[in-house]
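Colleague: Here it is, the structure in full.
The values are calculated or read from the model by the stated rules, or taken from the named source; none is laboratory data. Since we're looking at a predicted model, the values are computed, not measured. FYI the Cβ positions are ideal-geometry reconstructions off the backbone, even for glycines, and counts take in every protein chain you see.
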Amino acid sequence: MQYRKLGGTGLSVSRLCFGALTIGPLQQNMDLRRGAGLIRLALEMGVNFIDTAEIYGCYPYIREALRDFPGDVVIASKSYAHTGEEMKKSLYSGLDLLQRHFIDIFLLHEQESYFTIKGHREALDYLLSARDRGLVRAVGISTHCVAGVRAAACLPEIDVIHPIVNMAGIGIQDGDLGEMLEALSLAHAMGKGIYGMKCLGGGHLIPQTGKALDFVLALPELAAVAVGMQSRAEVIFNVQKFTGGQPDPGLASSLTKQPRRLHVEEWCRGCGNCVEACTAGALRLDGGKVAVNRDLCRLCSYCAAACPEFGLKII
Ligand code: SF4
Ligand code: SF4
């Protein structure tokens, strides 16, 4: 495995980051043993970086995967908290569920621009005070927006940026790939630690997995890339790819035949909660049920968390 310094945070992270979303309740909903086993396999193969979020519901898997693991592991999490009180609750809940004394990286989840960050100022200030007290080591934002990357690049108190980036520009909310790459270059020049997300376009680029991974691995701005993994084969394939090896061709072709999509259950009652939760504009109400625009959907599952009926899932 290759490791990179994450900007000025002092953290050294594996280039392959285990994206926990896919194993948890919003997607595969694996039982604890199976999900933790997958993370543990990645750790034993050299991965030392795990990305999660409060909304993903994945802390128990990570806690179990780390039980008696001898190495140091960097955990990044995120919260939608706006206020200091809400952020304090989020952070302490993470510490409690992970059974740790600190969380390495804590991010404001889905920040769109300078104004969104300004609107979360109290939560950010709480994280900065938590960093001073050693409860977190680095703070930052995750974002699907060019404007979010640009804003965070110019804020000296931000250590880490977790942006969407993939070879097709899928899921960038406010611009194109060229603009995102320019913003990443600025953020890198400002010393930010950057690790990417959605390098497979939320699943749309699975048929071109090798090419899509080569693209992000060639970006010098990215210290690491978070990749969601749902099987031992995927972990092995990604580790082989991120260590510069040539993944087993049989493994590669079996994985590229597994496209995913957002499925709406028959019992959707058309309440519209998910439509509001989708910042990609991929959902609309049609005839009393929700309809998905598959060209816009980046398979992030955030709408699933907003559905009181458990009516949405990635399959
Ligand atoms: S429809 Fe759901 S899964 Fe697709 S982009 Fe919107 S929130 Fe994400
Ligand atoms: S939140 Fe659930 S029930 Fe409401 S419209 Fe969306 S899928 Fe249907």
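Colleague: Just for the range 31-49: of the residues that are in contact (Cβ under 8 Å) with a residue 40 or more places away in the chain and farther than 19 Å from Arg137 by Cβ, which one is surrounded by the most Cβ atoms within 10 Å (Cβ to Cβ)?
Modeller: Once the filter is applied, the top-ranked residue is Ala42.
Colleague: Can you tell me which residues in the range 23-45 are assigned to a loop (DSSP other than H, G, I, E, B) and closer than 18 Å to Ile55 by Cα?
Modeller: Those that are assigned to a loop (DSSP other than H, G, I, E, B) and closer than 18 Å to Ile55 by Cα: Gly24, Pro25, Leu26, Gln27, Gln28, Asn29, Met30, Asp31.
Colleague: How many of the residues making up the range 56-115 are farther than 21 Å from Arg15 by Cβ, acidic (Asp, Glu) and not in a helix (DSSP H, G or I)?
Modeller: 3
Yes or no, residue by residue, for (1) surrounded by 20 or more Cβ atoms within 10 Å (Cβ to Cβ); (2) of a type in the set (Val, Ile, Thr):
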| residue | (1), (2) |
| --- | --- |
| Leu219 | no, no |
| Leu222 | yes, no |
| Ala226 | yes, no |
| Met229 | yes, no |
| Ile236 | no, yes |
| Gly244 | no, no |
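Colleague: Then there is this: When you look at Glu234, is it modelled with pLDDT of 90 or more, out of contact with any Phe, Trp or Tyr (no Cβ under 7 Å at 6 or more places or on another chain) and not polar (S, T, N, Q), yes or no?
Modeller: Yes.
Colleague: Within the range 114-144, which residues are touching a Gly at 6+ places or on another chain (Cβ under 8 Å) and at pLDDT 95 or above?
Modeller: Scanning the range 114-144 gives Thr116, Ile117, Glu122, Ala123, Asp125, Tyr126, Arg137, Ala138, Gly140, Ile141.
Colleague: Can you tell me which residues in the range 199-228 are part of a loop (DSSP other than H, G, I, E, B) and closer than 24 Å to Lys5 by Cβ?
Modeller: Cys199, Ala218, Leu219, Pro220, Glu221, Leu222, Ala223
Colleague: Test Ala282 against the criterion of being under 24 Å from Cys145 (Cα atoms), modelled with pLDDT of 85 or more and either buried (at least 17 other Cβ atoms within 10 Å of the Cβ) or more than 16 Å from ligand 1 (Cβ to nearest atom) (or both), and give yes or no.
Modeller: The answer is yes for Ala282.
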